[in-house]
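K.L.:
I'd like to ask you about the structure that follows.
Taken together, the values in this text are just the output of simple stated rules run on the coordinates, not laboratory data. This is a predicted model, so every value here is computed, not measured. Neighbour counts are summed over all protein chains in view; Cβ atoms, including those assigned to glycine, are modelled from backbone coordinates with ideal geometry.
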Amino acid sequence: MTNMMRRWEMDALGRDRLELKQAPIPSPGPGEVLVKVAAVALNYRDKMVIESGRGLPLTFPFTPGSDLAGTVVALGNDVTRLSIGDRVISTFTPDWIDGLRPGDARTPAYRTLGGFYPGVLSEYVAFPQDWFVHAPTTLDDGEASTLPVSGLTAWFGLVERAGLQAGDTVLIPSTGGVAIFGLQIARAHGARVIVCGSGENLDRAMALGADHVVDNQTGDWEEAVLAITGDRGADHILEVIGGSHLASSVRLAAVGGHICQIGALEGFDISAPAMPLMLKDVTIHGIGTGSRRALERLVRAVDQTSLKPVIDTRYRFEDLFSALDHLDRSAFGKIVIDLQARG
């Protein structure tokens, strides 16, 4: 091991301020572990942080990214949870171990990797041991790196908050990272899944096990969903779009249904009709990923069910800009930066 590494840094907001630089490999302090990063999964949130900061207290130079898979290569003093050689994945919200998320009514907690805390687009990171969990044994590093945000968000919403059960109907109005995990998790639980999208992504969703697909670019897609369910509606809806799209989810929810409000692609100000929300006794869950213990439960489920995350494309570490351009175009599943790939 040399004493230098590469990492992506920005000295101000904006994609044009990103540079791949040399930096000393950090030494783990007390309670910390040094992880050699093998793969980083990108999220749309990462693009937003790079471009606008999302109002987060970034400290420059700033390294973006939050989802890594790698191997522990050195230990600081007093480390007991991990050992050298352990394969690990990061936790997106390190302070949230279990139970309710930290914070209060005035100030909800948003202390995440690649935002409040440093990011992971680096060949090595030295973080507290509690910021990691063991990686699934059935996944390679690229696949494992997709779990901390997208995988956990879908799992926490459907399973741990909405109480997904076999035989339920799940509506997924997208084919992005969280959406595809939602499809796979719902199918693993024996649920019926309806996926909305367009083009070849619908064929790919069917190949992954979707029971029905609806083209949301042609015709009245809401009527199509209602027809599929015999007007009953969906028991669970992964609302990954936000904005005024929440109104569609409320209209399509079954009596007693659950809506997991996750995304904000159409804006953070959401809106929906009040009458069907009230008369159908619909529950809206605000989902902001999940706890470390929930991630550990997801890892066990992945190993037990042989769930394989869907990766659209893997990019080399030096090709971050191409990966971000791909995020702009959207992807079917996840985009992964492979630090082990060479040109």
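K.L.:
Can you give me the convex hull volume of the Cα atoms of region 151-286, divided per residue and expressed in Å³?
P.N.:
94
K.L.:
Shifting gears a bit: If amide H atoms are built 1.01 Å from N in the plane of the peptide, which residues on other chains or at least 5 residues away come under 5 Å of the amide H of Ala254?
P.N.:
Amide H neighbours of Ala254, under 5 Å, 5+ apart: Ala234, Asp235.
K.L.:
Please get the size of the charge dipole for region 151-286, origin at its Cα centre, with Cβ charges of +1 on Lys and Arg and -1 on Asp and Glu, quoted in debye to the nearest 20.
P.N.:
With Lys and Arg at +1 and Asp and Glu at -1, about 320 debye.
K.L.:
So, one more: Once Lys and Arg get +1 and Asp and Glu get -1 on their Cβ, which of Val88, Ala210, Ser322 lies farthest toward the positive end of the dipole of the chain?
P.N.:
Positive-most Cα among the choices belongs to Val88.
K.L.:
Okay, moving on. Hey, rough spin-label estimate for Glu19 and Ser322, points 7 angstrom out along Cα→Cβ, what's it come to in nanometres?
P.N.:
The modelled label-to-label distance comes out at 2.3 nm.
K.L.:
What net charge do the residues around Val133 carry, taking every other residue with its C-beta under 11 Å from that of Val133, with Lys and Arg at +1 and Asp and Glu at -1?
P.N.:
Once all neighbours under 11 Å are counted, the net charge is +3.
K.L.:
How large is the convex hull of the C-alpha atoms of the chain per residue, in Å³?
P.N.:
137
K.L.:
In terms of modelled amide H atoms, which long-range or inter-chain residues lie less than 5 Å from the amide H of Val193?
P.N.:
Val170, Asp211, His212
K.L.:
On to the next question. How large is the dipole of the chain about the Cα centre if only Lys and Arg carry +1 and Asp and Glu carry -1, each at its Cβ, rounded to the nearest 20 debye?
P.N.:
560
K.L.:
Zone of Tyr110 (label point 7 Å along Cα→Cβ, backbone N under 18 Å): which residues in region 27-53?
P.N.:
43-53
K.L.:
Evaluate E = 1/(1 + (r/R0)^6) for Ser244 and Arg293, where r is the Cβ-Cβ distance and R0 equals 25 Å; express this FRET efficiency to the nearest 0.05.
P.N.:
For R0 = 25 Å, the calculated efficiency reads 0.10.
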